[in-house]
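Read the structure below first, then the notes.
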Amino acid sequence: MILASIAECMTKDFAILKPDMPVAEASANLIKKSLLGGPVLDSEGLLIGWISDQECLHCTLQVVYHNTRVATVADVMQTDVVTVSLNSEPLDVAQKMLSGGATTYPVVDGANKVVGVLTRRDILKMLDKKLNEMA
């Protein structure tokens, strides 16, 4: 049974994060988009990293409570990022999420440009839609 494609499931309105951006600004961008993490892109739009709400929280706490230096996204981003392609199967990604994998993945095209973000919530929305169609 084919449920949907990655392109149909993914969030296309994701936070655009740059390596030289202060972490507090990245955090604000993630909050605006209601995402728990986001891809870090170079000037050409290619994926170079990922920053999660955990890294944002850690850095922001240091700034607010300890008045320490302001970190940039490049200082704290993860550079070993697992991605999803537009050809991936949503149910396979869901299984990865359940087996201890990440809960949010950047979706990249063949040139490693980020075209979306796929979250557990996106997968759940797709499954909920399918359940409603079946009812």
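The values are calculated or read from the model by the stated rules, or taken from the named source; none is laboratory data. Here the structure is a predicted model, which is why all the values come from computation and not from measurement. Counting neighbours? That spans all protein chains shown, and the Cβs are built from the backbone with ideal geometry, glycine included. For accessibility, only protein heavy atoms count, side chains too; no ligands or nucleic acids. Shrake-Rupley method; radii C 1.70, N 1.55, O 1.52, S 1.80 Å.
Both the radius of gyration and Dmax for region 25-119 are 14.3, 45 Å, in that order, over alpha-carbon atoms. Since only LEU127, GLY116, PRO90 are under comparison, the one whose Cα sits farthest along the positive direction of the charge dipole of region 89-132, derived from C-beta charges on Lys, Arg, Asp and Glu, is LEU127.
Any idea of the accessible area per residue across the chain, 1.4 Å probe, to the nearest Å²? Let's see the in-between values first.
Numbers: 8140 Å² over 135 residues.
Per residue, the chain has 60 Å² of solvent-accessible surface.
Counting only protein heavy atoms and a probe of 1.4 Å, the accessible surface of region 69-111 is 49% carbon and sulfur.
In terms of accessible area, using a 1.4 Å probe and ignoring ligands and nucleic acids, LEU47, LEU98 rank largest first as LEU98, LEU47.
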